[in-house]
Amino acid sequence: KAESLRHQVDSLKRTRADLEEVVLGPLIQGVFIHRYRDSNPNIRAFSLCSFSHMTIQRPDVFLQDKYLKYFGWMMSDKNEAVRVASVKALVAPFEAVKESSESGGNNSTRYYVDKIDVSLMEHVVAKFLSRIADCAIDVSIKVQEVAMKLLLALLREGFLDDVDDENLWNQVNLRALARDATPNVRRDALYFVMEQLEAFDEGADEDQEEEDEEDDEEDNSPK
């Protein structure tokens, strides 16, 4: 019986490998690589949306630089729907993890979400961060809104901790006061500012505690 089970497991593994070969070969190289640059913007947007679903369903395969870079490139597309699809694709892994954590997940999605490691997006985010920030002031309201969602997620996950670009910070922070921004953009931008201040206050408190401990040690040391 054990031998039979081993054969079944091996067979399933081979079947899975064959299916992945189909996806990575004919589907990605044969379809997506050509269609994401299609002359029809609807096809470009649909291709990016479909590929985004794949990064969530198989993050162990697709949540890596060589695939995520397509979303980064297409944030500069001239079509609004394509830019929206690109930014949404980058925010999707963060939202999937958040929604699963809040809802407790379910049997159909937990397996996939548990394999999402958003830290794998670090290099792509660093490479395209300036473009992501520019999307927050895009001519399209829809692009602005999804870009602010992404920037807020990046801030909360620590992706912006080492960013030392004053112009970028100001560009995003000022969206909280922008008259031409939608309520959704202003709300997320305000959260963006407030969470920076909270992090600053926490850091200041920690520094003060360290100083107090040092002072206590000096007071208790032998004279």
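The values are calculated or read from the model by the stated rules, or taken from the named source; none is laboratory data. Quantities reported herein were computed from a predicted structural model and do not represent experimental measurements. Note that we place each Cβ from the backbone using ideal geometry, even for glycine, and neighbour counts take in every protein chain shown. The area values use the complete protein model at the heavy-atom level, side chains included, leaving out ligands, DNA and RNA. Shrake-Rupley method; radii C 1.70, N 1.55, O 1.52, S 1.80 Å.
Roll a 1.4 Å probe over the protein chains and send me the accessible area per residue for region 147-189 in Å².
Accessible surface, normalised per residue, equals 57 Å².
Rounded to the nearest 0.05, what FRET efficiency is calculated for residue 184 and residue 115 with R0 set to 25 Å and r the Cβ-Cβ distance?
The pair residue 184/residue 115 has a calculated efficiency of 0.25.
Report the local net charge at residue 81: Lys and Arg +1, Asp and Glu -1, summed over other residues whose C-beta lies under 13 Å from its C-beta.
+1
Among residues other than residue 180 whose Cβ falls under 12 Å from its Cβ, what is the net charge (Lys/Arg +1, Asp/Glu -1)?
+2
Just to confirm a number: summing +1 for Lys and Arg and -1 for Asp and Glu over residues other than residue 46 whose beta-carbon lies under 12 angstrom from that of residue 46, what do you get?
+1
Can you list the residues of region 76-93 with backbone N under 17 Å from a point 7 Å past the Cα of residue 127, pointing along Cα to Cβ?
Under 17 Å, as judged by backbone N against the label point of residue 127, lie 76-77, 86-87, 89-91 of region 76-93.
Carbon and sulfur: what percent of region 98-187's accessible surface (1.4 Å probe)?
46
Report the extension gain between residue 101 and residue 28 in nm, rounded to one decimal, defined as 0.36 nm multiplied by the number of residues separating them, less their alpha carbon distance.
Gain on extension, residue 101 to residue 28, equals 23.2 nm.
Residues of region 36-50 with backbone nitrogen within less than 17 Å of a virtual label 7 Å along the Cα-to-Cβ line of residue 76, please, listed as ranges.
So the set is 37-38.
Counting other C-beta atoms within 10 Å, and keeping those with at most 11, which DSSP coil trypsin sites (Lys or Arg not before Pro) do you find in region 97-197?
179
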